[in-house]
Amino acid sequence: MSTKNVSQAIKRTLCQSKRIFQAVRIENFLRKSFSLSEEERLLEAYQCSLFTTAGPIRGRLFITSERMAFHSNKSLKLRTYNGEVAKFPYKVSIPLGKIKKTTPSENLNKPEEKHLQIVTEDGFEFWFMGFNNFKRSFESLFLTISEKQ
């Protein structure tokens, strides 16, 4: 084996090890943040924004074998009744079985701005946007939800 081949093999191994380490780290974070059961597995994770009445909140959308969960990148600040500042992450957890509809849409004035609408059985709407790869994200989410229904 040439030096170049050995070097490339080492790089591939290191890249693969890095991806495995990141996946384990993300799954541990998810388990801690959302109290996942032992059987629940992380399927996908996406960087995106959740649109709220206060504007978009940047974070990560997780798709597990049982739920769709969003966790903000930064903590939100809120003043308590006695004037102190409380910080907390913005979190949403939706069981896959409670999702009624997933609909992709795009801004007619800016077609590159694509949105994902999630409607739950109890009528709540969630709007996600800013995916790095919208098509892949939507297809993965749609397939996972379809399997659970």
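The values are calculated or read from the model by the stated rules, or taken from the named source; none is laboratory data. As the structure is a computational prediction, the values presented were derived from the model and not from experiment. Here the Cβ positions follow ideal geometry from the backbone for every residue, glycine too, while neighbour counts run over all protein chains shown. All accessible areas refer to the heavy atoms of the entire protein, side chains included, with ligands and DNA or RNA removed. Shrake-Rupley method; radii C 1.70, N 1.55, O 1.52, S 1.80 Å.
Summary of values
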quantity: Subset of segment 117-129 [under 21 Å from Tyr46 (Cα atoms) and either of a type in the set (Phe, Trp, Tyr) or free of Cβ contacts under 8 Å to residues at least 40 places away in the same chain (or both)]; calculated: Gln117, Val119, Thr120, Glu125, Phe126, Trp127, Phe128
quantity: Elements of type strands (runs of 3 or more DSSP E) in segment 43-143, at least 3 residues being over 18 Å from Leu30 (Cβ atoms); calculated: 76-79, 85-88, 99-106, 114-120, 125-129
quantity: Of residues in segment 81-113 being more than 26 Å from Leu36 (Cα to Cα) and open to solvent by less than 50 Å² (accessible area, probe 1.4 Å), the one nearest to the chain's Cα centre (by Cα); calculated: Thr103
quantity: In segment 23-35, residue modelled with the highest pLDDT [restricted to those that are open to solvent by less than 70 Å² (accessible area, probe 1.4 Å) and more than 18 Å from Ser72 (Cβ to Cβ)]; calculated: Glu27
